[in-house]
Amino acid sequence: MTENKIQKLTPLAETKFLSLYDIEYKNKKQDTRHWTVASRKDYKALSDQYLNGAAEKTDAAIIAAFHEDTHKIVCIKQFRVPLNDYVYELPAGLIDAGEDFEAAARRELKEETGLTLLDINYEKSKKRVYASAGMTDESAAMIFCTCSGTLSKDYLEDDEDIEVMLLSKNEVKKLLNDDVKMDMRAFITLQAFTELGEKLFK
């Protein structure tokens, strides 16, 4: 990006995990416009990033994990309040202060599934991707890795309503043909798994 089009940032609502901002910016004709943005970042962090050139922080880690013991992909089914329903996803979570995305991936995989992360494929992983750039600046590291161990719900937080499953290629194909709600990143990764199998992760 060669120029900073954002001129002003105004908080509309601020909560612990998510805030809403009005952004004043210049369009390509230099007309002033406004855009509403949801962000994981607090006002200071986002203002420093937009107006002062501070480095962007990756918000979350999304984990595409291949279970070495069973040769299956790790998938979760989680209740999501905005949908008032369960949705198929990959294990994921916010990156805590002081963590890098690798540490967050190890922690979140253990918390949500009970599994232990073994190796990250850094060539296939990406430090920062965006899922809905028209609505939010939320970014996530997309991590391809291997894992091992036994599934467990012992590490889940009270507000996490998660069912963990290990799926073979045939089981994934069946799931993709079912009329279920699915996260877009999980959909793309599961599609790739049906074609590439464990090569997707190694």
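Descriptive notes on the structure:
- Residues satisfying the stated conditions in the stretch 22-44, i.e. farther than 15 Å from Lys5 by Cβ and either surrounded by 15 or more Cβ atoms within 10 Å (Cβ to Cβ) or of a type in the set (Val, Ile, Thr) (or both): Thr36, Ala38, Ser39, Arg40, Lys41
- Filtering the stretch 149-175 to residues that are outside any loop (DSSP other than H, G, I, E, B) and surrounded by 14 or more Cβ atoms within 10 Å (Cβ to Cβ) leaves Ile162, Val164, Met165, Leu166, Leu167, Lys169, Glu171, Val172, Lys173, Leu175.
- Residues that are charged (D, E, K, R) and out of contact with any Leu (no Cβ under 9 Å at 6 or more places or on another chain) were ranked within the stretch 108-137; the one that is nearest to Glu56 (Cα to Cα) is Arg128.
- Residue count for the stretch 176-193, restricted to those that are surrounded by 15 or more Cβ atoms within 10 Å (Cβ to Cβ) and either among the polar types (S, T, N, Q) or closer than 17 Å to Glu68 by Cα (or both): 3
- Given (1) free of Cβ contacts under 8 Å to residues at least 40 places away in the same chain; (2) surrounded by fewer than 16 Cβ atoms within 10 Å (Cβ to Cβ), number of the condition Ser47 does not satisfy: (2)
- Close pairs from the stretch 63-86: first without any contact (Cβ under 8 Å) to a residue 40 or more places away in the chain and not assigned by TED's automatic domain parsing to the domain that holds Phe101, partner part of a strand (DSSP E or B) and exposed (fewer than 12 other Cβ atoms within 10 Å of the Cβ), Cβ under 8 Å, at least 6 apart: none
- For the stretch 73-91, a tally of residues being of a type in the set (S, T, N, Q) and within 26 Å of Lys169 (Cβ to Cβ) returns 1.
- One residue from Leu118, Leu109 being surrounded by 15 or more Cβ atoms within 10 Å (Cβ to Cβ) and closer than 23 Å to Asp85 by Cα: Leu109
Residue by residue, here is whether (1) modelled with pLDDT of 95 or more; (2) in a loop (DSSP other than H, G, I, E, B) holds:
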{"residue": "Tyr86", "(1), (2)": "yes, no"}
{"residue": "Ala97", "(1), (2)": "no, yes"}
{"residue": "Ala105", "(1), (2)": "yes, no"}
{"residue": "Glu111", "(1), (2)": "yes, no"}
{"residue": "Lys124", "(1), (2)": "yes, yes"}
{"residue": "Val129", "(1), (2)": "yes, no"}
{"residue": "Gly134", "(1), (2)": "yes, yes"}
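The values are calculated or read from the model by the stated rules, or taken from the named source; none is laboratory data. No experiment lies behind these values; they were computed from the predicted model shown. Using ideal geometry, Cβ is built from the backbone for each residue, glycine included, and neighbour counts are taken over all protein chains shown.
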